[in-house]
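Inspection log for the structure reproduced underneath, given as structure tokens.
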Amino acid sequence: MSERDERQQQAARLDEQIAGMEQSLESGQEALTAMKMAREALIEPPRKVTACRLRKHFAVVSKSSYAVDCSECHKESFGLEDDWTHCPKCGSVITEVYRENDPTARMQDKAAKELLDKLQKEIVNV
Ligand SMILES: [Zn+2]
């Protein structure tokens, strides 16, 4: 066997070994990533699931679009769909959607809250 042939043979063997090593490094990396993800999931405190009720506002915004407010975050969302499972604003699980019979109470709530906020701000500023 010539020296040239021998060198080529050795190079071919190394090629194989390199390919094998690359493959095992790759699968090792995948396993490492999976293990890290599993560890993260264990360290992270379980996400708190909150439940909320959506109050469908008496007045329709448009023909088929309802405004709702959330009992949990008190934020308003528009365009309620039947398949909503979570509050779009805070992600609480919707346990019930109910239509308000009278918007007065909500208006009063809102007015009272705004007044309270305003008063609190004024107290802070004094
Ligand atoms: Zn909410």
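Every number here is computed from the coordinates shown, using simple stated rules; none is lab data. These numbers were taken from a predicted model, which means no experiment stands behind them. Positions of Cβ are backbone-derived with ideal geometry, glycine not excepted, and every protein chain shown enters the neighbour counts.
Model label sites at ALA111 and GLN23, defined 7 Å from Cα along the beta-carbon direction, differ in position by 7.7 nm.
Working from label points 7 Å from Cα in the Cα-to-Cβ sense, the LYS56 to GLU30 distance is 4.9 nm.
What percent does the relative contact order of the chain come to when contacts are Cα pairs within less than 8 Å and at least six residues apart?
Numbers: 106 pairs, mean separation 23.9, N = 126.
Computed value for the chain: 19 percent relative contact order.
Among the GluC sites (Glu not before Pro) in the range 56-126, those placed in a DSSP loop whose Cβ has at most 15 other Cβ atoms within 10 Å are GLU81, GLU100.
Net charge dipole, the range 1-46: roughly 120 debye, given to the nearest 20, about the Cα centre with Cβ charges of +1 for Lys and Arg and -1 for Asp and Glu.
The tail of the calculated P(r) for the chain beyond 23 Å holds 64 percent of all Cα-Cα pairs. How tilted is helix 3-43 with respect to the longest principal axis of the chain? Cα atoms for both, answer in degrees (0 to 90, nearest 10). The angle comes out at about 20 degrees.
In summary, the aspartates and glutamates within cross-link reach of LYS36, defined as a Cα separation below 14 angstrom excluding same-chain residues under 8 places away, comprise GLU44. Under 29 Å Cα-Cα from LYS89, which lysines qualify once same-chain neighbours fewer than 8 residues away are excluded? The reachable lysines, counting only those whose Cα sits under 29 Å from LYS89, are LYS48, LYS56, LYS63, LYS75, LYS110, LYS113, LYS118, LYS121.
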